[in-house]
Amino acid sequence: TPRHVVNFMIDLVDLNPQDVIFDPTCGTGGFLVASFIKLKSLVGNNTSALENIKKKQIIGTDNEDTGRIPALAVVNMIFRGDGKSNIYNKDCFTLDKIKDFKVTKIFLNPPYAKTDDDEPKFIDYSLNELQPGGLFACVFTYANLGEKSKITWRKNLIKQHKIEAVITMLPELFYPTAAPTVVMIARAHVPHSGK
């Protein structure tokens, strides 16, 4: 995910020092690194708050065969001063450890186009892992919002969660993947009302 988009999404969810952040598809850790930097700036010289952030407030998973990608995420976090990264080379759907965290913010850029249902599956999982009222920020393909085949999924989504915003991104953002993308901000476990 381009750094300016990561920072934009972090600004949209208004991180606070108590937030617990999860990225289910963390890759090399862009969202986790930016979240950690933001939380560090918010707590300043409060060393006990910073230790708590390192141990209990940042978690990421990435299911990559070689383990190199999540290892890069760990290294990226260590370079930023995080000596206790909770980053796992594991499928987010099978990580029981997530239950130990009371996640308040999730950032997600799910894998694109493996199957038609992959993105909605990651979105549903993420929203369901959040504490009630927690905020979710996700980059995904516009097709999920426009295709007739996803009508039932969209209806179920807004029965359970409130869409705060959908922002269209430039078509070239994820070149060479030409799929149009959006950023969606949603509030978990608060049913949507209105348009």
For this session: Classify segment 116-159 as rounded, prolate or oblate from the Cα gyration tensor: take a ≥ b ≥ c as the square roots of its eigenvalues, call it rounded if a/c is under 1.5, otherwise prolate when a/b beats b/c and oblate if not.
Result: prolate
For this session: Extending each Cα 7 Å along its Cβ direction at LEU95 and GLU147, get the distance between those two points in nm, one decimal.
Result: 2.6
Seminar exercise, completed: Quick calc: nm separation of the 7 Å Cα→Cβ label points for LYS56 and GLU164 -> 2.3
Exercise. Among LEU15, LEU72, LEU32, which one moves the most in a GNM of the chain with springs linking Cα atoms closer than 10 Å?
Worked result: LEU72
For this session: Indicate, rounded to the nearest 5 percent, the antiparallel portion of the DSSP beta bridges found entirely in the chain.
Result: 50
Seminar exercise, completed: Magnitude of the Cβ-charge dipole (Lys and Arg +1, Asp and Glu -1) of segment 117-172 about the Cα centre, nearest 20 debye, reported as 340
Exercise. Pick from PHE140, PHE79, PHE101: which is most flexible by mean-square fluctuation in a GNM of the chain where alpha carbon atoms under 10 Å apart are linked?
Worked result: PHE79
Problem set entry | With Cα atoms, 0 to 90° folded angle of helix 151-160 axis to the chain main axis | 50
Problem set entry | Cα-based Rg of segment 142-195 normalised by 2.2 N^0.38 Å, two decimals | 1.26
For this session: Set Lys and Arg Cβ to +1 and Asp and Glu Cβ to -1, take the dipole of segment 41-187 about its Cα centre, and tell me which of ASN156, TYR88, SER41 lies farthest positive.
Result: SER41
Exercise. Share of Cα-Cα pairs in the chain beyond 27 Å, in percent?
Worked result: 25
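Rule-based calculations on the coordinates, nothing more; no lab input. Just so we're clear, the structure is a prediction, and the values are computed from it rather than from any experiment. Please note: Cβ atoms are built from the backbone with ideal geometry, for glycine as well, and neighbour counts cover all protein chains shown.
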